[in-house]
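Heads up: the structure comes next, in structure tokens.
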Amino acid sequence: MRRIIGYLDKNSERWMLLVFYAFIVTVIFVEVIRRFVFQYSSVWGEETARYAFIYLVWIGAAAAVKDRAHIRIDIIFQFLPPRGVAFLYLLGDLLTLGIACFVLYLSTGAVISDIKFEAATEGLRINQAWFVFAIPFGFTLIIIRLFQSIRRDIADMRAGRSVYTGDKLFG
């Protein structure tokens with residue numbers, strides 16, 4: 001059971017991102033063929049691709065939190081001792097956690113409102129709550145990853161290790 005949970009912890013966002021990305025590429029490809037070969041396009045294609053992209057963005061944000069891959073200006077870290085770097089990462093994670101909890105609260109209200117008033121999408125005519133749910137879903141993943149990051153940083157500080165700074169894109 002631990003291996004399964006470990007695998008999901010390591011790869012869940014990757015698999016979700018792959019599914020949504022493949023869906024978007026497939027739908028857009030089919031819609032381009034339909035539009036330029038058959039001179040016909042569907043309403044559902046563009047709409048589902050757009051909503052899948054919204055899920056893709058929020059899941060990608062959670063994956064970036066996990067890998068500390070968000071864009072940041074880290075020149076100040078070069079002038080601080082390891083404990084100072086750890087403190088700044090912890091401070092950033094705690095501030096992000098506060099914002100994420102606030103947005104989760106607000107976005108959950110939007111989902112409940114869409115359910116309550118049965119707001120429907122333009123083309124698909126299904127409840128819009130399914131797609132608005134991408135925001136609280138993404139922020140829930142972000143919050144989980146922030147808790148993991150905070151726990152990891154505290155453990156690294158206590159053990160005297162340098163905190164995880166993520167992989168660099170360049171250099």
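Can you tell me which residue within segment 85-99, out of those that are open to solvent by less than 90 Å² (accessible area, probe 1.4 Å) and touching a helix residue (DSSP H, G or I) at 6+ places or on another chain (Cβ under 8 Å), is nearest to R161 (Cα to Cα)?
Of all residues in segment 85-99, those open to solvent by less than 90 Å² (accessible area, probe 1.4 Å) come to 85-86, 88-93, 96-98.
Imposing the further condition that a residue be touching a helix residue (DSSP H, G or I) at 6+ places or on another chain (Cβ under 8 Å) reduces the set to 85-86, 88-90, 93, 96-97.
On the way: V85: 11, A86: 10, L88: 15, Y89: 14, L90: 14, D93: 18, T96: 23, L97: 23 Å.
Selected residue: A86.
Conditions: (1) open to solvent by less than 60 Å² (accessible area, probe 1.4 Å); (2) closer than 26 Å to G138 by Cβ; (3) not in a helix (DSSP H, G or I). S41 meets all but one. Number of the miss?
(2)
Any chance segment 107-118 includes a residue that's surrounded by fewer than 15 Cβ atoms within 10 Å (Cβ to Cβ) and closer than 15 Å to T140 by Cα?
Yes, segment 107-118 has at least one match.
Please determine whether any residue of segment 143-161 is open to solvent by 30 Å² or more (accessible area, probe 1.4 Å), in contact (Cβ under 8 Å) with a residue 12 or more places away in the chain and under 22 Å from A52 (Cβ atoms).
Yes.
Somewhere in segment 12-28, is a residue under 21 Å from the mean Cα position of the chain (by Cα), within 19 Å of L124 (Cα to Cα) and charged (D, E, K, R)?
No, segment 12-28 has no match at all.
Looking at F53, F23, which one is under 24 Å from H70 (Cβ atoms), modelled with pLDDT of 90 or more and not β-branched (V, I, T)?
Details: F23 fails: under 24 Å from H70 (Cβ atoms).
The conditions single out F53.
Looking at segment 12-27 only, could you name the residues that are open to solvent by 80 Å² or more (accessible area, probe 1.4 Å) and in contact (Cβ under 8 Å) with a residue 12 or more places away in the chain?
The answer is R14, Y21, F23.
Which numbered condition in (1) within 25 Å of R158 (Cα to Cα); (2) surrounded by fewer than 16 Cβ atoms within 10 Å (Cβ to Cβ); (3) more than 14 Å from the chain's Cα centre (by Cα); (4) not hydroxyl-bearing (S, T, Y) is the only one that D67 fails?
In the conditions (1) within 25 Å of R158 (Cα to Cα); (2) surrounded by fewer than 16 Cβ atoms within 10 Å (Cβ to Cβ); (3) more than 14 Å from the chain's Cα centre (by Cα); (4) not hydroxyl-bearing (S, T, Y), D67 misses (3) alone.
The values are calculated or read from the model by the stated rules, or taken from the named source; none is laboratory data. As the structure is a computational prediction, the values presented were derived from the model and not from experiment. Cβ coordinates were reconstructed from backbone atoms using ideal geometry, including for glycine residues, and neighbour counts include every protein chain displayed. Each accessible area value is taken on the protein alone, full model and side chains, heavy atoms only, with ligands, DNA and RNA left out. Shrake-Rupley method; radii C 1.70, N 1.55, O 1.52, S 1.80 Å.
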